[in-house]
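Here, each number is a calculation from the coordinates, and none is a lab measurement. Just so it is clear, the model here is predicted, and its values are computed rather than measured. Cβ sites come from the backbone with ideal geometry, for glycine too, and all protein chains shown count toward neighbours.
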Amino acid sequence: MPTICMFNGIIIRMYCAPGEHNPPHFHVYYQDDTAVVDIKEASISEGELPNKQKKLVLAWAELRKEELLADWTLAQNGELPFKIDPLR
């Protein structure tokens, strides 16, 4: 599962497997916490993050939605997704 972005100690990854289950999503890792974020809804669908990191990740997801959906399409075709710029 390649890392597509890292910022503020947060790691964001996306599986690269044809037929990966919908809806389009990515995985978030922060210390001992993990979550799955629905790209289209910019919301956590599984897991938990501390409040501050949750707000950062969801803001990033909203800002980068088009890029994330493009990466999802690549990953669905078994291709490596592109890196996406972090929050600055």
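Okay, here's what the table says:
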| quantity | calculated |
| --- | --- |
| Total formal charge among the other residues, if their Cβ is under 12 angstrom from that of residue 40, Lys/Arg +1 and Asp/Glu -1 | -3 |
| Potential lengthening between residue 66 and residue 85 on full extension [0.36 nm per residue; Cα-Cα distance subtracted] | 5.6 nm |
| Helix-only CD estimate at 222 nm, as mean residue ellipticity for the chain, using -39500 (n - 2.57) per DSSP H run (n ≥ 4) | -9000 deg cm²/dmol |
| Proximal charge balance of residue 58 [Cβ under 12 Å; K/R count +1, D/E count -1] | +2 |
| Radius 12 Å from Cβ of residue 10, net charge of other residues (Lys, Arg +1; Asp, Glu -1) | +3 |
| Using alpha-carbon coordinates, inclination of helix 51-63 to the longest axis of the chain, degrees | 40 degrees |
| Efficiency of FRET between residue 43 and residue 77 - r from beta-carbon atoms, R0 25 angstrom, step 0.05 | 0.50 |
| In Å, descending, principal axis extents of the Cα set of the stretch 3-76 | 31, 23, 20 |
| C-alpha long axis of helix 65-76 to longest principal axis of the chain, angle in ° | 50 degrees |
